[in-house]
Structure formats: structure tokens, C-alpha cells
Amino acid sequence: MYGDPATIRKILTELGDTWAIVGLSSNQRRAAYGVADVLQRYGKRIVPVHPKAETVHGEKGYPSLEAIPFEVDVVDVFVNSDLAGPVADEAAAIGAKAVWYQLGVIDEAAYTRTRAAGLDMVMDRCPAIEIPRLG
């Protein structure tokens, strides 16, 4: 359900190429840094979202989803499960098409709300693992 292969494929290939990555900073030891690099190599535009609003992989960062002055297709979430629900709500509020919760991030109530708002959603998966599998 949370990692439906058809939904994974749709998000990675059909919904657009602008990915806001919540929790992405210039810390190269964090998983978000490496995942953002992989997404860029597959042609995605990454948008760092972090309180520090740092530039990462050459892309200007923003302190919040609401601060991004252009359309975002997918919101990729690198925060713990306790904080992830509000991020999904913000993604719906800014008009994103999908929300992607990284490995270990699960919030069933947020999943229900996000799907009810018309967004696609994947939880407990990593796009850097999934995108090469598409072939």
C-alpha cells in the first residue's frame, strides 16, 4: 500500500521533475545529501528545504515549503515520523502532486489525509533506490 510499485513509478516518471527535499542541508554525512545527488543525476530539480536555507548541489535552499516561489511537484521528506505529518499537510497546501516519505518515515494518519487531498504518496521507501530499478 505505502510502497505500491505503480505509485512509485508514477511519482518518479509522470508527476514532474521539481522535488522539494525537506531536511536537505549541506551536511554530506546525511542521507538526504546523497539522495538529492542521485535525483539530480536522474534529471530532477532538487530544492533544499531546511531552516538554514543553504544552497546544496548548486540549488538555492528555502526555510520552508511555503517560502518556495515556484511550483513543486514532489515533496521528499527526511524528518522523523513524529514531524512528518505536518510536512505532508504543507505539501498539500502548496499544491504539490505527491509526497514521498523516506525509509523509516511512516505516518498512517498523514497518508490518509494526503491521499484524501488528492496527492499521491509513498512511505518508507527511498527514491534513490527506486529510480534505478525503473530501467
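Here, each number is a calculation from the coordinates, and none is a lab measurement. Please read all numbers here as calculations on a predicted model, not as lab measurements. Here the Cβ positions follow ideal geometry from the backbone for every residue, glycine too, while neighbour counts run over all protein chains shown.
Can you classify the chain as rounded, prolate or oblate using the Cα gyration tensor, where a ≥ b ≥ c are the square roots of its eigenvalues, rounded means a/c under 1.5, and otherwise it's prolate if a/b beats b/c and oblate if not?
On the way: a/c = 1.41, a/b = 1.15, b/c = 1.22.
Rounded shape, in that the Cα axes give a/c under 1.5.
Ranked by Cβ crowding within 10 angstrom, fewest neighbours first, how are Tyr111, Tyr101 ordered?
Working: Tyr111 20, Tyr101 29.
Taking fewest neighbouring Cβ atoms as first place, the list is Tyr111, Tyr101.
Jot down the radius of gyration and Dmax of the stretch 50-117, Cα atoms only, both in angstrom.
Final numbers for Rg and Dmax: 12.0, 35 Å.
First select every other residue whose beta carbon is under 12 angstrom from the beta carbon of Ala88; then total the charges, Lys and Arg +1, Asp and Glu -1.
With Lys, Arg at +1 and Asp, Glu at -1, the neighbours total -4.
Name the long-range amide H neighbours of Leu24: under 5 Å, sequence gap of 5 or more, or other chain; modelled H, no Pro or chain starts.
Sorted by chain and number, the residues that satisfy this are Val49.
I'd like the Karplus ³J(HN,Hα) series for the stretch 120-126: coefficients 6.51, -1.76, 1.60, θ = phi - 60°, whole numbers in Hz, and an x wherever there's a Gly or Pro.
Couplings: 7, 8, 10, 10, 6, 9, 10 Hz.
Looking only at Ile11, Ile21, Ile68, which one moves most when the chain is put into a Gaussian network model with springs between Cα atoms under 10 Å?
So, out of Ile11, Ile21, Ile68, the one fluctuating most is Ile68.
For the chain, what is the calculated [θ] at 222 nm in deg cm²/dmol (nearest 500), taking -39500 (n - 2.57) for each run of four or more DSSP H residues and dividing by its residue count?
-10500 deg cm²/dmol
Taking amide H positions as placed in the peptide plane 1.01 Å from N, state which residues far from Lys97 in sequence (5 or more) or on other chains have amide H under 5 Å from it.
Answer set, sorted by chain and number: Val74.
If you place +1 on the Cβ of every Lys and Arg, -1 on the Cβ of every Asp and Glu, and leave all else neutral, what size is the dipole of the stretch 5-133 about its Cα centre, to the nearest 20 Debye?
In total the dipole reaches around 360 debye.
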